[in-house]
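Taking it in order: structure first as structure tokens, then the write-up.
The values are calculated or read from the model by the stated rules, or taken from the named source; none is laboratory data. None of these values were measured; they are calculated from a predicted model. Heads up, the Cβs are rebuilt from the backbone with ideal geometry, glycines too, and the neighbour counts pull from every protein chain shown.
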Amino acid sequence: MATGLELVLALLLILVAAEIFTNALEHFGERIGISEGVTGSLFAAVGTAMPESMVPLVAIFAGTASAQVNEEIGVGAILGAPLMLSTLSIALMGLSVLKRRGAMGHLRPEKTGLRRDLFFFLIAFGLALVALFLPLEPKGLRFFFAGALVMTYFTYVMITLKVSAKLVEEGHATQAEGKMFLCRLGLPEHISVILVQMALGLALLIGGAKTFVHGVEQFSHVVGISPLLLSLLIVPIATELPEKVNSILWIRRGKDTLAFGNITGAMVFQGSLLPAIGLMLTPWQPSTEVLIGIIVTYVAGIWMFMLARQGDIRVWHLLPNLGLYLLYVGVMLFA
């Protein structure tokens, strides 16, 4: 009972912290005059990806007394987030507008940005997949792949920022929804207040992530499921909730670019930088759970990239991603 309560409280703290952080980032994007694509694919995506980022880092560096458990939780959290983003999160967007737009209804994200996100994700996650089969020694090859993953994300960021000005001119400037949280308490909407709220959100994320790591270890002993599998399935569902909610709200308001970018931008972030960390700090080996999870994620990413390339995305096109997620869960739990 105590373990379950610890998990619930940790998850609530993570979700609240992510909302605080994301809210500040959106206002920051509006203040500096960048496009919806940059706000969705970079700022909002990285902001709502912070919970998943904190869990593996805390697990690896300051998790439990067991190094093996720490590594399993870390790897599970790193790979579980792209898995859920590319499958369940995408499908929930489609389901949220299925009644309003119909199965054949059009989805209209800014297509060049969507293609760019998915292209870089497939490159990075492909590198992460190949890296599973690298030997532990010598370390040089692992350093090379980790560096390639970091450079992939850096290149993606530079290209995304470069096209921002043109998108703003075409009417795709960022507009934040509502007031910033701290400003509702009477503080002025100044850049320093925005930065304070960002720092507050990050601090709460770290605290929530550390509590969650300990809760996962205890819960795994109670139910008899490995920490790796729990981290692959439970951590992303919990920590990606803000991302799903934000994207659902945006797509229901007709802001398809922000909705898609919030998810696909996080896929690039979590499919490049975090695997680089896992590659350097964990054994990063192809266990059954990890290998099947990566393959399912990659298939979902290829499907979305094909849709983005053809340019005519319908609501029903997002629903097969739900089948991929349920297939993975079924295989892992019952096979």
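Do you know which of the residues in region 300-326 that are more than 11 Å from THR87 (Cβ to Cβ) and of a type in the set (Phe, Trp, Tyr) is surrounded by the most Cβ atoms within 10 Å (Cβ to Cβ)?
My answer is PHE305.
If you scan region 255-277, which residues turn out to be part of a helix (DSSP H, G or I) and of a type in the set (Gly, Ala, Ser)?
Once the filter is applied, which keeps residues that are part of a helix (DSSP H, G or I) and of a type in the set (Gly, Ala, Ser), region 255-277 yields ALA259, GLY261, GLY265, ALA266, ALA276.
Only residues that are surrounded by 24 or more Cβ atoms within 10 Å (Cβ to Cβ), within 18 Å of VAL290 (Cβ to Cβ) and either at pLDDT 70 or above or not β-branched (Val, Ile, Thr) (or both): list them for region 209-260, please.
Within region 209-260, PRO227, LEU228, SER231, LEU232, PRO236 qualify.
What do you reckon, is THR297 under 30 Å from ARG108 (Cα atoms), crowded, with 19+ Cβ neighbours inside 10 Å and modelled with pLDDT under 80?
Against the criterion (under 30 Å from ARG108 (Cα atoms), crowded, with 19+ Cβ neighbours inside 10 Å and modelled with pLDDT under 80), THR297 does not qualify.
Quick one: which of THR264, THR288 is surrounded by fewer than 18 Cβ atoms within 10 Å (Cβ to Cβ) and not hydrophobic (A, V, I, L, M, F, W, C)?
THR288
Please name all residue pairs, on different chains or six or more residues apart, with Cβ atoms under 7 Å, provided the first residue is in region 271-286 and is touching a residue at least 12 places away in the same chain (Cβ under 8 Å) and the second residue is among the charged types (D, E, K, R).
Here the result reads LEU279/ARG142; MET280/ARG142; THR282/GLU71; PRO283/GLU71, each pair linking region 271-286 to a residue that is among the charged types (D, E, K, R).
Mind listing just one residue for me: the one in region 113-147 that is buried (at least 16 other Cβ atoms within 10 Å of the Cβ) and of a type in the set (Gly, Ala, Ser) and, of those, nearest to ARG309 (Cα to Cα)?
Per the criteria, the residue is GLY113.
Just to verify a result, which residue in region 248-263, among those that are touching a Leu at 6+ places or on another chain (Cβ under 6 Å) and not aliphatic (A, V, I, L, M), is nearest to ALA91 (Cα to Cα)?
That would be PHE260.
Pick from region 187-208 the residues that are modelled with pLDDT under 80 and in a helix (DSSP H, G or I): which of them is nearest to LEU11 (Cα to Cα)?
So the residue we want is GLY208.
Just the residues that are β-branched (Val, Ile, Thr) and either without any contact (Cβ under 8 Å) to a residue 12 or more places away in the chain or outside any helix (DSSP H, G or I) (or both), please, taken from region 296-327.
ILE313
Among GLY293, GLY254, which is the only one that is within 23 Å of SER226 (Cα to Cα) and among the small types (Gly, Ala, Ser)?
GLY293
I'd like to know if region 108-125 contains one or more residues that are part of a helix (DSSP H, G or I), among the small types (Gly, Ala, Ser) and under 23 Å from ILE90 (Cα atoms).
yes
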